[in-house]
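J.: Following this message is one structure expressed as structure tokens.
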Amino acid sequence: VLETYDVPGTDQEFKMVLTIYPPGVGLPSHHHPSAALNYIIEGTAESQYAGESLKVFKAGESFQDKPNDQHLVFRNADKIHPLKYIIVYTVKKGAPFLLIP
């Protein structure tokens with residue numbers, strides 16, 4: 001976690017997180033309780049939401065995580081290099097951003 005900020009007058013917190021995935025690593029199907037903005041610093045990410053085609057994001061590109069939609073695929077597409085990205089989101093204080101059914 002690079003930064004956390006309590007949103008005044010709410011039970012929400014705003015977070016900025018640096019995330020690093022080793023080569024080839026991905027997540028199981030999941031969803032997020034809120035939207036998030038992501039910026040790829042290094043590497044290549046593959047992402048797919050239910051009903052959508054697989055999308056590829058490379059260093060210098062950004063994308064949005066959708067709230068409550070099933071996130072079928074998120075992984076480091078590279079088998080040799082790590083994936084590094086920054087994600088920013090607002091969530092209820094102490095609650096996780098990633099929910100695996």
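J.: Whether any residue in region 6-21 is in a strand (DSSP E or B), of a type in the set (D, E, K, R), more than 10 Å from TYR85 (Cβ to Cβ) and open to solvent by 50 Å² or more (accessible area, probe 1.4 Å) is what I want to check. Before you say what the answer is, go through the steps one by one.
T.: Residues of region 6-21 in a strand (DSSP E or B): 6, 12-21.
Applying the additional criterion that residues be of a type in the set (D, E, K, R) yields 6, 13, 15.
Then keep just the ones that are more than 10 Å from TYR85 (Cβ to Cβ); that gives 6, 13, 15.
Pick out the ones that are also open to solvent by 50 Å² or more (accessible area, probe 1.4 Å) and you get 6.
Yes.
J.: Find all pairs meeting these conditions: Cβ atoms under 7 angstrom apart; at least six residues apart or on different chains; first residue within region 31-55 and on the phi > 0 side of the Ramachandran plot; second residue assigned to a loop (DSSP other than H, G, I, E, B).
T.: GLY43/ALA59; GLY43/ASP78; GLY43/HIS81; GLY43/PRO82
J.: Hey, ILE41 hits all of (1) more than 14 Å from GLY26 (Cα to Cα); (2) in contact with a strand residue (DSSP E or B) (Cβ under 6 Å, 6 or more places away or on another chain); (3) outside any loop (DSSP other than H, G, I, E, B); (4) open to solvent by less than 70 Å² (accessible area, probe 1.4 Å) but one; which does it fall short on?
T.: Condition not satisfied by ILE41: (4).
J.: Which of the residues that make up region 56-87 are among the aliphatic types (A, V, I, L, M), touching a strand residue (DSSP E or B) at 6+ places or on another chain (Cβ under 6 Å), part of a loop (DSSP other than H, G, I, E, B) and in contact (Cβ under 8 Å) with a residue 24 or more places away in the chain?
T.: ALA77
The values are calculated or read from the model by the stated rules, or taken from the named source; none is laboratory data. Source: prediction; values computed, not measured. Heads up, the Cβs are rebuilt from the backbone with ideal geometry, glycines too, and the neighbour counts pull from every protein chain shown. The area values use the complete protein model at the heavy-atom level, side chains included, leaving out ligands, DNA and RNA. Shrake-Rupley method; radii C 1.70, N 1.55, O 1.52, S 1.80 Å.
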